[in-house]
Amino acid sequence: MSDAMLDKIAAAASLQELDGVRVALLGKSGEITARLKSLGAMDAETRAAEAPRVHALREQAAAAIAERKAALENAELERKLATERVDLSLPIEPGSQGTVHPVSQVMDELAEIFADLGFSVAEGPEIETQWYNFTALNMPENHPARAMQDTFYLEPRTEDEEPRVLRTHTSPVQIRAMEAHGAPIYAIAPGRVYRSDSDATHTPMFHQIEGLVIDRAITLGHLKWTLETFLKAFFERDDVVLRMRPSYFPFTEPSAEVDVGWSMEKGRRVVGGQEGWMEVLGSGMVHPRVIANAGLDPDEWQGFAFGTGVDRLAMLKYGMDDLRAFFDGDIRWLRHYGFRALDVPTLSGGVGA
């Protein structure tokens, strides 16, 4: 490349000037472009000798322009870093601070409580195979939970593929956690789940938290103590009373519904006392078939599982009446029930804000 061209590129003092040099050299009417166009008018011998020099000239010019551009961009960045400042002491503008959704706050509260009990957090996909969502959890093909009116089925991607589902519970994470980590395992699985239902206490999408313990010599006594400790910490009351009623879930045996006592305070039903009972979660000892489906030996490992609706816990703790309002996006509702970003749940300071 001629020294004159290099000097033009090196002399560009800004990105705008450099782009002008690029157009003058490599644009449609540029100097190097004109040389490329002239190759067509040459005889074969001359073109064979001249073409490599012209193409090399173009490559050199493009490389020099790219190098100069990078240098100018770095110089501009250094200038900004040296001259621009952000005043972190400026106050927050009124009305600009957001709020934390009650569901997110309760998720954090639950994670804090169970972390103190030695549980880790496990996650899984929201679009699940029928194996993980049903079959591995001891639900045969004719089980009512697979009915179309309860489950959202997705169109298969190929003719041979079994339709996937939007997970109907967080229980599939049990199987994935046992497959991935083996035993012993102490984990909770919070997340979104989907069912075809909608009224004041049900929505097509809602949040669940699943708990799983797999270890040796685990009994119902361990389950009851865990649930009592969890509920007392969550509702921040020592007078929380539990009642376990026999029930049926295909993935636990024996199974139990768990009720908590409630009492009336200032005309409102609150958790605590024993004036009445309300159901809050389902639980039981993990079925041996589920343990075996996860690749573990049920003769060596036992465990318990429990699950509850995060949205329902938020309603009970913070006095909300309609589950549908959680998802309406009404900013007035969020301003009333929302939490400040700095209201971080801690056991020492209280998990409730």
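What residue, of Gln174, Gln208, is open to solvent by less than 40 Å² (accessible area, probe 1.4 Å) and not in a helix (DSSP H, G or I)?
Details: Gln174 fails: not in a helix (DSSP H, G or I).
Result: Gln208 is the single residue among Gln174, Gln208 that is open to solvent by less than 40 Å² (accessible area, probe 1.4 Å) and not in a helix (DSSP H, G or I).
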Go through (1) among the β-branched types (Val, Ile, Thr); (2) farther than 30 Å from Trp225 by Cβ; (3) at pLDDT 85 or above one by one and return the number of the condition Ile113 breaks. (2)
(1) under 28 Å from Asn74 (Cα atoms); (2) surrounded by 13 or more Cβ atoms within 10 Å (Cβ to Cβ); (3) out of contact with any Gly (no Cβ under 7 Å at 6 or more places or on another chain); (4) not charged (D, E, K, R): which one isn't true of Ala24, the others all being true? (3)
Candidate set: the range 177-205, residues that are open to solvent by less than 30 Å² (accessible area, probe 1.4 Å) and within 19 Å of Val310 (Cα to Cα); chosen: the one modelled with the lowest pLDDT: Thr203
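Look through the range 219-257, keep the residues that are of a type in the set (D, E, K, R) and at pLDDT 90 or above, and return whichever of them is most open to solvent (accessible area, probe 1.4 Å). Full working, then the answer.
Going residue by residue through the range 219-257, those that are of a type in the set (D, E, K, R) are 224, 228, 232, 236-239, 243, 245, 253, 257.
Adding the requirement that they be at pLDDT 90 or above leaves 224, 228, 232, 243, 245, 253, 257.
On the way: Lys224: 77, Glu228: 54, Lys232: 76, Arg243: 88, Arg245: 79, Glu253: 105, Glu257: 29 Å².
In this case the residue turns out to be Glu253.
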So in the range 22-40, with the set limited to residues that are of a type in the set (Gly, Ala, Ser) and part of a helix (DSSP H, G or I), which one is nearest to Ala63 (Cα to Cα)? Ala24
Failed item in (1) part of a strand (DSSP E or B); (2) among the basic types (Lys, Arg); (3) farther than 19 Å from Pro102 by Cα, with Arg192 passing the rest: (3)
Criterion first (in contact (Cβ under 8 Å) with a residue 60 or more places away in the chain, open to solvent by 50 Å² or more (accessible area, probe 1.4 Å) and part of a helix (DSSP H, G or I)) does Asp19 satisfy it? no
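Just to be sure I understand, how many residues within the range 273-301 are over 18 Å from His169 (Cα atoms), small (Gly, Ala, Ser) and in contact with a strand residue (DSSP E or B) (Cβ under 6 Å, 6 or more places away or on another chain)? Full working, then the answer.
We begin by selecting, within the range 273-301, every residue over 18 Å from His169 (Cα atoms); these are 273-278, 288-289, 292, 295-301.
Pick out the ones that are also small (Gly, Ala, Ser) and you get 273, 276, 292, 295.
Next cut, in contact with a strand residue (DSSP E or B) (Cβ under 6 Å, 6 or more places away or on another chain) only: 273, 276.
The qualifying residues number 2.
Output the number of residues of the range 159-171 satisfying the condition of being of a type outside the set (Lys, Arg) and open to solvent by 50 Å² or more (accessible area, probe 1.4 Å). I'd like the intermediate steps shown before the answer.
Of all residues in the range 159-171, those of a type outside the set (Lys, Arg) come to 159-163, 165-166, 168-171.
This time we only want the ones that are open to solvent by 50 Å² or more (accessible area, probe 1.4 Å), so: 159-160, 162.
The qualifying residues number 3.
The values are calculated or read from the model by the stated rules, or taken from the named source; none is laboratory data. Just so you know, these numbers come straight off a predicted model, no measurement behind them. A quick note on method: Cβ atoms are made from the backbone with ideal geometry, for glycine too, and the neighbour counts reach across all protein chains shown. The area values use the complete protein model at the heavy-atom level, side chains included, leaving out ligands, DNA and RNA. Shrake-Rupley method; radii C 1.70, N 1.55, O 1.52, S 1.80 Å.
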